[in-house]
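The values are calculated or read from the model by the stated rules, or taken from the named source; none is laboratory data. What you see is a predicted model, and the numbers here were worked out from it, not measured in a lab. FYI the Cβ positions are ideal-geometry reconstructions off the backbone, even for glycines, and counts take in every protein chain you see.
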Amino acid sequence: MTSEFKLILVDPIEDLCHEWRQKFARIEAVSVVNGYFEEIAEYDCMVSAGNSFGLMDGGVALAIVRYFGLELMDRVQDYIIQHFRGEQPVGTSFIVSTGHPNHPFLAHTPTMRVPMSIAQTDNVYRAMWATLLAVWHHNQIQKQKIRIIACPGLGTATGRVPFHRAAKHMALAGRGDDPMESLLGSESRLTMVEKESV
């Protein structure tokens, strides 16, 4: 993952945090917090991993709306309507303003089209990679940079992805010193995911 920004992985479930610590052990730009994102004092961008329609009415997405305000969900849905004709594909991510002075950005990154199990898919990898790319692109063109990302477990609740698998796929998306580096390699990242899947 690029050294331009740091990643805080945050979740109240210790078993998931344990898997994160194991899988991200060699990535210095990542830290793990066993708790709630509301307790983190410093981050620039919160990741919301929901559905393709921007319905933030459950789980972490609902907690995000309660923290930042209902206007944030309206902003997310307006973006989806304007840029994706109402349905944001899995494997994409976009950055919007939260209006919060200390945590100014949200990365909306669906892990599923609608609430469903994604345990047998590579959606977690695709979502994590899309998030990192969205932040990277944001930092290339925007004056106000994203330096610290707060990210919950992807696909581990409604998506029913086992903790070890979710952590493995999230870590795979974060490998490398530059987020574009492995796109230039002889072996695709997706192939690597398939080889490491369990």
Checklist line | Checking VAL114 against (1) at pLDDT 95 or above; (2) hydrophobic (A, V, I, L, M, F, W, C); (3) part of a loop (DSSP other than H, G, I, E, B), the condition it does not meet | finding: (1)
Notebook entry, point to check: What do you reckon, is ARG165 among the basic types (Lys, Arg), in a helix (DSSP H, G or I) and either under 17 Å from the mean Cα position of the chain (by Cα) or modelled with pLDDT of 95 or more (or both)?
Noted result: yes
Notebook entry, point to check: Does segment 134-164 hold any residues that are closer than 18 Å to VAL124 by Cα and surrounded by fewer than 17 Cβ atoms within 10 Å (Cβ to Cβ), and which are they?
Noted result: ARG160, PRO162, HIS164
Checklist line | segment 41-87, subset β-branched (Val, Ile, Thr) and in contact with a Leu (Cβ under 9 Å, 6 or more places away or on another chain), residue surrounded by the fewest Cβ atoms within 10 Å (Cβ to Cβ) | finding: VAL65
Check: In segment 27-38, is there at least one residue being of a type in the set (A, V, I, L, M), surrounded by 15 or more Cβ atoms within 10 Å (Cβ to Cβ), out of contact with any His (no Cβ under 6 Å at 6 or more places or on another chain) and at pLDDT 95 or above?
Finding: yes
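Residues are listed down the side, and each one gets a yes or a no for (1) within 18 Å of ILE148 (Cβ to Cβ); (2) in a helix (DSSP H, G or I); (3) in contact (Cβ under 8 Å) with a residue 40 or more places away in the chain; (4) acidic (Asp, Glu):
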| residue | (1), (2), (3), (4) |
| --- | --- |
| GLU19 | no, yes, yes, yes |
| ARG26 | no, no, no, no |
| PHE53 | no, no, yes, no |
| LEU62 | no, yes, no, no |
| GLU71 | no, yes, no, yes |
| ILE81 | no, yes, no, no |
| PRO89 | no, no, no, no |
Next item on the list: For GLN140, state whether it is of a type in the set (S, T, N, Q), assigned to a helix (DSSP H, G or I) and either more than 25 Å from GLU14 (Cβ to Cβ) or free of Cβ contacts under 8 Å to residues at least 24 places away in the same chain (or both).
Entry: yes
Notebook entry, point to check: Looking at segment 28-43, which of its residues are part of a loop (DSSP other than H, G, I, E, B) and either charged (D, E, K, R) or touching a helix residue (DSSP H, G or I) at 6+ places or on another chain (Cβ under 7 Å) (or both)?
Noted result: GLU28, GLU42
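Is it the case that some residue within segment 172-187 is more than 12 Å from the chain's Cα centre (by Cα), at pLDDT 95 or above and within 25 Å of ASN34 (Cα to Cα)?
No.
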Item checked: Failed condition for SER97, given (1) in contact (Cβ under 8 Å) with a residue 24 or more places away in the chain; (2) loosely packed, with under 15 Cβ neighbours inside 10 Å; (3) in contact with a strand residue (DSSP E or B) (Cβ under 7 Å, 6 or more places away or on another chain); (4) polar (S, T, N, Q) -> (1)
Item checked: Lone qualifier among ILE95, ILE146 - being at pLDDT 95 or above and outside any loop (DSSP other than H, G, I, E, B) -> ILE95
Note to self: What's the total number of residues in segment 117-137 that are outside any helix (DSSP H, G or I) and among the aliphatic types (A, V, I, L, M)?
What the structure shows: 2
